[in-house]
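One structure is given below, encoded as structure tokens.
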Amino acid sequence: MKEAGEGKRSARRRADEGAREERLRALARELVAPERAVAWRARWGGWLVAALLLWHTVRFARDAEPLALGFWSVLGWAAFQVGVCLIWAFMACAVGHWGVAAHRPGVWVRGPGASRHVDWDRIEGVGVTDHGRLEMKLRKDPDDPDADRWLAVGFFVPPVLCRFLRRRDTAQEAADLLTVMANHPELRPLRGAGHRKLGQPWVLLPAAAVWLYAVYTMLP
């Protein structure tokens, strides 16, 4: 029974891989190199989730126990109250601040904080995780052999939810387009300055302000 289930999953995986290869070949035939950079970034859905996380941070801080004297009390306060608020503020930045922009030299990737640039020559392919994140497979960096060869970016609507809602899978579309551009230099955007397409990092300031307010609220 277990072997039959594994066989079905393996067959489904091979079918998905074959369908994607055909889809990539079709996209490479039809695609025209964009004049400007192509970008994907957090929209209203991500901003709404970020706002809910920050609101929850404020509620948690108001209901939390204030700082008490004593080594263990201070340690617990820092780890379980200040630390939890910091994690939620970080998650708000992750879902509300992300961005991916493809331009002539490579791809700009923005996470919860700073942006990172990845050259096209380093990108071997791009897939999609079950959680709706783009997963870049990077070629080995000769200057840094120990560098991570996988890079997860973005927070798209998960594929299973796209199928349930019968809407376009924008994460898969982005992964296909980036993969084709990585393998076909003539199809890459004709201009640079892709970082301008990422938009302003407006989520960082309110996230930092909410975290500082939460810490201040939990002080005696």
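Rounded to the nearest percent, how much of the accessible area of region 108-193 (1.4 Å probe, protein heavy atoms only) is carbon and sulfur?
Details: 2450 of 4880 Å².
Carbon with sulfur: 50 percent of the solvent-accessible area.
Express in Å², to the nearest 10, the accessible area of TRP55 obtained by rolling a 1.4 Å probe over the protein heavy atoms while all chains stay in place.
Accessible surface of TRP55 is approximately 150 Å².
Provide ARG139, ARG20 ordered by accessible surface of protein heavy atoms (probe 1.4 Å), highest first.
ARG139, ARG20
May I ask you to compute the full-extension gain from LEU48 to GLU22, defined as 0.36 nm times their residue separation minus their alpha-carbon distance, rounded to one decimal in nm?
On the way: separation 26, 0.36 × 26 = 9.36 nm, distance 3.63 nm.
Extending this stretch completely gives an extra 5.7 nm.
For the residue pair ASP119 and ALA33, what label-to-label distance in nm results when each label sits 7 Å from Cα along the Cα-to-beta-carbon direction?
Result: 1.8 nm between the two label points.
How much of LEU24 can a 1.4 Å solvent probe reach, expressed as accessible area in Å² and rounded to 10?
That residue has around 20 Å² of solvent-accessible surface.
Quick one: accessible surface of ARG43, probe radius 1.4 Å, all protein chains present, in square angstrom to the nearest 10.
The value for ARG43 is about 120 Å².
Between VAL157 and ALA78, what FRET efficiency follows from the Cβ-Cβ distance if R0 is 45 Å, with the result rounded to 0.05?
On the way: r = 36 Å, r/R0 = 0.80.
Efficiency for this residue pair is about 0.80.
The values are calculated or read from the model by the stated rules, or taken from the named source; none is laboratory data. As the structure is a prediction and not an experimental result, all values here were calculated from the model. With ideal geometry, Cβ positions are generated from the backbone for all residues, glycine too; neighbour counts draw on all protein chains shown. SASA here: full protein model, heavy atoms, side chains in, ligands and nucleic acids out. Shrake-Rupley method; radii C 1.70, N 1.55, O 1.52, S 1.80 Å.
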